[in-house]
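Since the structure comes first, as structure tokens, the remarks are kept for the end.
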Amino acid sequence: MPVSGGLNGVGAWLRERLPGLLAESGVPGAAVAVDVGGEVVEAAAGVLSTATGVEATTDSLFQIGSITKTVTATLVMQLVDEGLLDLDAPARSVLPEFRLADERAAQTVTVRQLLCHTSGFEGDVFTDTGKGDDCLERYVDALGGEAQLFPPGAMFSYNNAGFSVLGRIVEVLRGEPFDVCARTRLFAPLGMDHTACDPYEAVLHRTAVGHVGHKPGGPLEPTGIWALPRSTAPAGSMLAMRPRDLLAFARMHLDDGAGLLSPESVRAMRQHQVAQPDVDLGTGWGLGWELYAGPTASGGSTELIGHDGGTIGQAARLRMVPAHDLALVVLTNGGSTQQVFAEIVNRVLGELAQIEPHSAPVPRPEALVPHASRYVGTYRTPTGETTVGLDDAGRLWLERTPLGVAADLDEPAYRTELVHWRGDSVLPLEPERGAHARMAFIGDDGRGHALFLHTGRAEPRAAQ
């Protein structure tokens, strides 16, 4: 049943419902906060680590993962406000050392394309260049061999590496390390005193540990690695905070930049830059923000923006509804987080912004994939190899084997049958992390086969 009583009613529902929701979803711990017009309610439940049994509280820090990209984008837009950076200038205008395997692409990739994930080069690059203040400089220097998957600007493909490049641009133009820029220009002015830029700061707080299962359906265990390399911090490998601190950052965006960012840049970040394939993401991308559909009961829609984040066994959601001056943060540390996110987001946005509940597509076992032979093949990225094959009954199967950093972190292999959704999009019958994530086959390799398996990232067909 829907909650009632406005924001206070939402707070009461969260405090009552969250413990049971976590138990049903197998999520060890979570913290949630909602802001409407500057008034905040919050709740927490579960444990920060199943090994220690330390309880989650509203002041506990969780990693926010790729939500960090909105922080990086904000730092970039501050530079634009000050006339120090042109969005449509090549990255090389600031980083002459920027190299890729495709020299022509390296010459032309723009700051805007980096911000909206259309730069086209391989994005899942997690090279560890050490813990020193030169890690981003060394990371950018190491990109010279990375392949160009498609021409810059041609389409969307989620790109972590591009945000490390943006982080380096911030460093060069500010003359300070990325995390110093974030703290002095955003976190300190916004009073975000429960925010940690690295494990050395996080250990001073009550901090969550991620939990992973080493095989599908297996028990969750605390991860043995808390964070990915510092060189990918601008993309989301390090930053941890309590929900209220992330709300402070969101409130700055809801308040037209609150003097830290111009209202023009706030609006520019929300403007549609690129459409996404028919996959399990939002409807498009702005300059750092993901854009979503916000359908209302009246048949209209309202602006809904945000970002998701995922690190080693932790996952996060941030949603904002500017028309209702509302922001919502949900932070978790493992398990079937999709169930937690879906129930909380649907309830809170429905009650406080009259947004209709989002219904995830349900796979139908009988929905065989038409023209399935077009999709058969192997698709490869630095973090995984995916094989798609047909059985004798004409059913399409997917098998994913972790590679590189994913294998090092003991990510489980994944196997599922694929069924038709619509067009060239398919759904997995077996959920992964509690979700049947939509994926699409796009392009043509010139021989009648799909060129990419698109899962939010364009995974290229491997040479046959």
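Laboratory data are not the source of any read-out in this text; all were calculated from the coordinates shown. Remember, predicted model here, so these are calculated numbers, not experimental data. Glycine also receives a Cβ, built like all others from the backbone with ideal geometry; neighbour counts cover every protein chain displayed.
Things worth noting here:
- Mean Cα-pair separation over length for the chain, i.e. relative contact order, pairs under 8 Å, 6 or more apart, %: 18 percent
- Magnitude of the charge dipole, the range 204-329, Cβ model with Lys/Arg +1 and Asp/Glu -1, debye to 20: 420 debye
- Sites LEU368 and ALA23, calculated FRET efficiency, Cβ-Cβ separation with R0 41 Å, nearest 0.05: 0.65
- Cα gyration tensor category, rounded, prolate or oblate, for the range 140-231 with a/c compared to 1.5: oblate
- About the Cα centre, charge dipole magnitude for the chain (Lys/Arg +1, Asp/Glu -1 at Cβ), debye: 380 debye
- A full extension of the chain between ARG15 and GLU221 corresponds to an added length of 71.6 nm, given 0.36 nm per residue minus the alpha carbon distance.
- Seen from all directions on average, the range 220-263 presents a Cα convex hull projection of 4.7 nm².
- Cut-off 17 Å, label 7 Å out along Cα→Cβ of ASN8, residues of the range 329-367 by amide N: 352
- Each residue, ALA462 and ALA360, gets one label point 7 Å from its Cα in the Cβ direction; the gap between the two is 2.8 nm.
- Overall form of the range 267-413 per C-alpha gyration tensor (a/c, 1.5; a/b vs b/c): prolate
- Here the range 372-460 is treated as a sphere whose radius is the Kirkwood value from Cα pairs; by Stokes-Einstein at 25 °C and 0.890 mPa s it diffuses with a coefficient of 184 µm²/s.
- The label-point distance for VAL376 and THR283, in a model that sets each label 7 Å from Cα toward Cβ, rounds to 3.9 nm.
- Note on ALA413 and ALA435: the extension gain reaches 6.4 nm, defined as 0.36 nm multiplied by sequence separation minus the Cα-Cα distance.
- Considering helices alone, the calculated mean residue ellipticity of the chain at 222 nm is -7500 deg cm²/dmol, with DSSP H runs of length four and up weighted by -39500 (n - 2.57) and normalised per residue.
- Taking N as its residue count, the alpha carbon Rg of the chain over 2.2 N^0.38 Å: 0.94
- Listed residue (LEU429, GLN354, ALA233) projecting farthest to the positive dipole end of the chain, Cβ model: LEU429
- Candidates VAL32, GLY456, ALA393 compared by Cα position along the dipole of the chain: farthest toward the positive end lies ALA393, with charges placed on Cβ.
- Three-way shape call for the range 76-175 based on the alpha-carbon gyration tensor, with the a/c threshold at 1.5: oblate
- Spin-label pair SER262/THR387, simplified geometry with 7 Å Cα→Cβ offset, distance in nm: 5.5 nm
- LEU204/ASP128 FRET efficiency (R0 25 Å; Cβ-Cβ; nearest 0.05): 0.55
- Charged-residue dipole, Cβ positions (Lys, Arg, Asp, Glu), the range 372-460 about Cα centre, Debye nearest 20: 300 debye
- Top positive-direction residue, dipole computed over the range 70-177 with Cβ charges, set GLN78, LEU115, LEU149: LEU149
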